[in-house]
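I have placed the structure first, in the form of structure tokens, so that the comments after it can refer back to it.
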Amino acid sequence: MAGERLSGAITALDVQARDQSRVNLYLDGRFAFGISAKTAADAGLKKGDHLTPDRIVGLLKVEAHEQAMMQAFNYLSYRGRSVKEMERYLRRKAHAPETISSVVQRMVDLHYLDDDHFAALWVENRQRFGGRGPHLVRSELLQKGVARETADAVIAGAGGDETAQALDAARKKAVSLRTADYGEFTRKLGGYLSRRGFSSDVVWDAVKRLWRERNSESNADEDE
């Protein structure tokens, strides 16, 4: 860390031209490093203060933590995140492991990160709007770093009628299969539902039911 090689008296704290929330700190007349104005204010920095290498290291650690916290909040502004998603994001931002651990724990303590709550919202959203079955939803949660036990418990607790969910998803797809024969209808619709994460029994039941419905509608049209 750069702070290990620096020490001296603060000779200037100049607001940066491109970002007025940050200041450039000068030691003994020479530029040393930039930090946020908040970090400088919280530390009570002023001209004439002598900074030892240890104190500079401490300041830069605080600065890294504050920067990571701001990035974490920004990442959460788009949608909820799992703990693992946040850890991966902060690693991509090149933060030190101890900074990532500290920030993630702080976000957990503040209840901004909660895998149980995240998983529950994810399941509800997928069931209501995504037309996805439990197998695919479980896979999505695992990819996002949610523990299998948590994913299983949330999916089981969410309940819902898997057959009804599959039928709802299938009816939307079946519109494009109006002219398909039985083989094409079952192959394409069954494959679609399987890829959406529904169990084989539920898939087959939904396909048979919709095929019967389509034939009933066709026969009714012919009778007219």
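The values are calculated or read from the model by the stated rules, or taken from the named source; none is laboratory data. Small disclaimer: the values here were computed from a predicted structure and weren't measured. Ideal geometry is used to build each Cβ from the backbone, glycine not excepted, and the neighbour counts take in all protein chains shown.
State which residue is surrounded by the most Cβ atoms within 10 Å (Cβ to Cβ) when the search covers only the range 33-58 and only residues that are in a loop (DSSP other than H, G, I, E, B) and touching a strand residue (DSSP E or B) at 6+ places or on another chain (Cβ under 8 Å).
Taking the range 33-58 first, the residues in a loop (DSSP other than H, G, I, E, B) are 43-49, 52.
Subsequent filtering for residues that are touching a strand residue (DSSP E or B) at 6+ places or on another chain (Cβ under 8 Å) retains 45-49.
Working: Leu45: 18, Lys46: 10, Lys47: 10, Gly48: 7, Asp49: 14.
Ranking the qualifying residues of the range 33-58, first place goes to Leu45.
When you check Lys61 against the structure, is it at pLDDT 95 or above, among the basic types (Lys, Arg), in a helix (DSSP H, G or I) and out of contact with any Cys (no Cβ under 8 Å at 6 or more places or on another chain), yes or no? Let's see the steps before the verdict.
On the way: at pLDDT 95 or above: no; among the basic types (Lys, Arg): yes; in a helix (DSSP H, G or I): yes; out of contact with any Cys (no Cβ under 8 Å at 6 or more places or on another chain): yes.
No; evaluated as a whole, the condition is false for this residue.
Is it true that Ile35 is assigned by TED's automatic domain parsing to the domain that holds Val57, of a type in the set (Val, Ile, Thr) and over 20 Å from Met70 (Cβ atoms)? So that I can check it myself, show each step before the final result.
Details: assigned by TED's automatic domain parsing to the domain that holds Val57: yes; of a type in the set (Val, Ile, Thr): yes; over 20 Å from Met70 (Cβ atoms): no.
For Ile35, the condition - assigned by TED's automatic domain parsing to the domain that holds Val57, of a type in the set (Val, Ile, Thr) and over 20 Å from Met70 (Cβ atoms) - is not met.
Here are some conditions: (1) surrounded by 15 or more Cβ atoms within 10 Å (Cβ to Cβ); (2) over 30 Å from Gln143 (Cβ atoms); (3) touching a Phe, Trp or Tyr at 6+ places or on another chain (Cβ under 8 Å). Ala72 meets all but one. Which one does it not meet?
Tallying (1) surrounded by 15 or more Cβ atoms within 10 Å (Cβ to Cβ); (2) over 30 Å from Gln143 (Cβ atoms); (3) touching a Phe, Trp or Tyr at 6+ places or on another chain (Cβ under 8 Å), Ala72 fails exactly one: (2).
Inspect all residues belonging to the range 17-25 and state whether any of them is surrounded by fewer than 18 Cβ atoms within 10 Å (Cβ to Cβ), out of contact with any strand residue (DSSP E or B) (no Cβ under 9 Å at 6 or more places or on another chain) and either at pLDDT 95 or above or not aliphatic (A, V, I, L, M) (or both).
yes
Count, please, the residues in the range 192-213 that happen to be more than 20 Å from Arg128 (Cα to Cα) and surrounded by 13 or more Cβ atoms within 10 Å (Cβ to Cβ).
7
Yes or no, residue by residue, for (1) β-branched (Val, Ile, Thr); (2) in a helix (DSSP H, G or I); (3) surrounded by fewer than 17 Cβ atoms within 10 Å (Cβ to Cβ):
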{"residue": "Tyr78", "(1), (2), (3)": "no, no, yes"}
{"residue": "Met86", "(1), (2), (3)": "no, yes, no"}
{"residue": "Gln105", "(1), (2), (3)": "no, yes, yes"}
{"residue": "Val123", "(1), (2), (3)": "yes, yes, no"}
{"residue": "Ser139", "(1), (2), (3)": "no, yes, yes"}
{"residue": "Ala164", "(1), (2), (3)": "no, yes, yes"}
{"residue": "Asp168", "(1), (2), (3)": "no, yes, yes"}
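For the subset of the range 82-109 comprising residues that are within 12 Å of the chain's Cα centre (by Cα) and in contact (Cβ under 8 Å) with a residue 24 or more places away in the chain, which member is nearest to Val154 (Cα to Cα)?
Residue satisfying both the conditions and the ranking: Ser82.
Restricting the search to the range 124-176, which residues are within 16 Å of the chain's Cα centre (by Cα) and among the small types (Gly, Ala, Ser)?
Within the range 124-176, Ser139, Gly145, Ala147, Ala151 meet the criteria.
What number of residues in the range 204-215 are of a type in the set (Val, Ile, Thr) and either over 15 Å from Glu184 (Cα atoms) or in contact (Cβ under 8 Å) with a residue 60 or more places away in the chain (or both)?
Looking only at the range 204-215, we keep the residues that are of a type in the set (Val, Ile, Thr), and these are 207.
Now drop any that are not either over 15 Å from Glu184 (Cα atoms) or in contact (Cβ under 8 Å) with a residue 60 or more places away in the chain (or both), which leaves none.
Residues in the range 204-215 being of a type in the set (Val, Ile, Thr) and either over 15 Å from Glu184 (Cα atoms) or in contact (Cβ under 8 Å) with a residue 60 or more places away in the chain (or both): 0 in total.
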